[in-house]
Every structure is written in structure tokens, then in C-alpha cells.
Amino acid sequence: MRYPNGTTKVLAIIGHPVEHSRSPAMQNAALAALGLDYVYVPFCVAPEGLAAAVSGLRALGVAGFNITIPHKVSVMGLLDGLDESAEAAGAVNTVRNDDGRLVGYNTDGDGLVRSLSEDLGFVPGGETIVMAGAGGAARGAVAALCRAGAGRIVIVNRSRERADELALFMGRRYAGTEIISLSAAAELKPFLGETRLVVNSTSLGMNHEPLPFLSLADLPLTASVYDMVYSVPVTPLLRDATDRGLRCANGLGMLAAQGELAFRIWTGTEPPRGVMKGVLMGACPS
């Protein structure tokens, strides 16, 4: 077993709360698998202490850190630079310390794209995708899907105003993808016959709730369904997809993939394949 010493580089996650985070387990397992002299630790940081915490992490020379709820947006003004992934998502979940210069990234959306490929064999290029939800998770996901070449993204959300705002912002930034905003299942129905992927970016399903504004009934059998919720292995949406014979997956792969992308940003090293996901699968309730 490797113990920290004076040369050990420190990685961290800050949030409030942070006790529930699975990142320490999966990141430390990956670091240990490669024998890298790093350690990954969690810090509980209340909102009023965020600025001081970021300043402290900078002063201590922490090599990098993750950001989780509720700091993903508020941390942006405390950093020295933002990657395109963070600018487009409007949120930061990963920070790298470049000799005292803190640069923010967002690996959530690209983690989704990777999980879609690995877990569903889905590649966004030229395809029609339905995104349920228009919050922060949807924002990062839509940006990453646009970067991956999606042909059309249909955003359906209970609040039409939020859907419109997201569609307008992403449409201006990624002109190569057609982005449409809707607020009801009836409006969505004409698009479902051409849809190849449905993504739930909302928290609906965590307490076994259905998605009231989304029906899978008119999807072709070639379509896939992805639910970002991972605390419940089989949500009502995934159960419905399975009953209809559609390929589907929960958000566990996305969680592992975003962690692998952060690992590479910090260490410059390819993470060991399958280690993070293996840790998460062992930690997930059955």
C-alpha cells in the first residue's frame, strides 16, 4: 500500500454535502491501479466558504479538484480560465491547477457521449436526439452532443421558457445542429419516429416518478434510451424502455466516464480501463 509523503500530489472534491460522493473511491482506485503518487480527498465546503477554499487549494498547490453541488456555477468567477466545455455548459465540475493558474472544465457532457458509445453503441453524428429537461445537466449534455455532431436535438421541458433559452443559446453556439424546444408530449410526437436517442437529464426517476411530458410509444425499435439517474438502477423510464424492447442504460457509465476524463486532465495519463466503473458498480445498490 502506498502512503502519502512529501512528493505526493493531492487531488480533491469540494461540495456541500460531499459525504455521499463516490469520486474518492473510484479516483483512488484508478490512481492505485497505475501506481501514481497521488491521493484524492473530499472536502466539505459550505457556500459562504467557497472563495476561501479555492484560494486555499491554490495556495497549497493542489494539483486539481472536482466541484459538485452547489458550487458548479458559483466557482466559475473564482477561476483564471475556462475551457470551451465549461463555457458552453455554464458550469464547472473539474479544475486543473497549472502552476497556480486554475482552469475550469466540464467533463459531464463528454462523459455522457462516451457512455453512450460504450454502453449503448450510440454515436451522435447526424442523429435526432430528444433531451428531457433544460437544467444544468441538460446544458452540458446538449453542448457535448452538438460537439459530437448531432443532427437535431429536441429539448422537451415542462417550462417552455427554460427550453427556449437553452435552445437559443446552443443554437447560436453550435450552428451545425438543429435545436428545437418543446414543452409537451403532444408537440414531441411528430419527431419521435425519427428519434434515435432519448436522454433524461432531469432528476425525475430518483423516487420512481415517471416523466409526465415524455412517451416512448412512438419511438422506432432502433432507438435507445439513456437515463442520467444512477441512484436507482431501473427507473420507470428504463423499465418502460425495456418493456418496449429498446436498448437502454442508466447514468452509471456517465459518472465513471466523466471521472476518467477528469483523471486525464489532472495526470496527463490514460486511466485504467474499467476500474472506475467497476468500483461504482460494486458501490451501487441492487
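What follows is calculated from the coordinates using simple rules that are stated; it is not laboratory data. Every value quoted in this text rests on a predicted model; they were computed, and no experiment measured them. Note that each Cβ is placed from the backbone with ideal geometry, even for glycine, and that neighbours are counted across all protein chains shown.
Just the projected area, averaged over all directions, of the convex hull on the alpha carbon atoms of region 9-106: how many nm²? List each step's numbers first, then the result.
Numbers: hull surface 23.4 nm².
Orientation-averaged projected area of the Cα hull: 5.9 nm².
Amide H contacts of ASN106: SER85, ALA86, ASN93, each under 5 Å away and 5 or more positions distant or on a separate chain (H built 1.01 Å from N in the peptide plane; Pro and chain starts excluded). Across region 9-106, the relative contact order, built from alpha-carbon pairs under 8 Å that are at least six residues apart, equals 29 percent.
Note on LYS277: lysines with a C-alpha under 29 Å away, same-chain residues under 8 apart excluded, are LYS9, LYS72.
Let me have the relative contact order for region 92-200, percent, based on Cα pairs under 8 Å that are six or more residues apart. Before the final figure, lay out the partial values.
Values: 182 pairs, mean separation 27.4, N = 109.
Over region 92-200, the number comes to 25 percent.
Quick check on the exposure proxy: order LEU192, LEU78 from fewest to most C-beta atoms within 10 angstrom. Don't skip to the answer; put the middle values down first.
Values: LEU192 20, LEU78 17.
With the sparsest Cβ surroundings first, the list reads LEU78, LEU192.
Each of ALA186 and SER231 was given a label point 7 Å from its Cα along the Cα-to-Cβ line. The distance between the two points is 3.4 nm. For region 201-206, backbone phi angles converted through the Karplus equation (6.51, -1.76, 1.60; θ = phi - 60°) give residue-by-residue couplings of 9, 8, 8, 5, x, 5 Hz, Gly and Pro being listed as x. Built from the Cα atoms of region 109-252, the convex hull projects on average onto 7.2 nm², one quarter of its surface area.
The chain: D in µm²/s via Stokes-Einstein (Kirkwood Rh, Cα pairs, 37 °C, 0.692 mPa s)?
Working: Rh = 19.5 Å.
It diffuses with D of about 169 µm²/s by this estimate.
A cut-off of 5 Å between modelled amide H atoms, ignoring neighbours fewer than 5 places along the same chain, links GLY64 with ALA12, ASN97. For the chain, the longest principal axis of the alpha carbon atoms and the long axis of helix 108-120 meet at an angle near 60°. Remark on SER181: its backbone amide H falls under 5 Å from those of ILE155, a criterion applied only to residues 5 or more positions apart or on other chains, H modelled at 1.01 Å from N.
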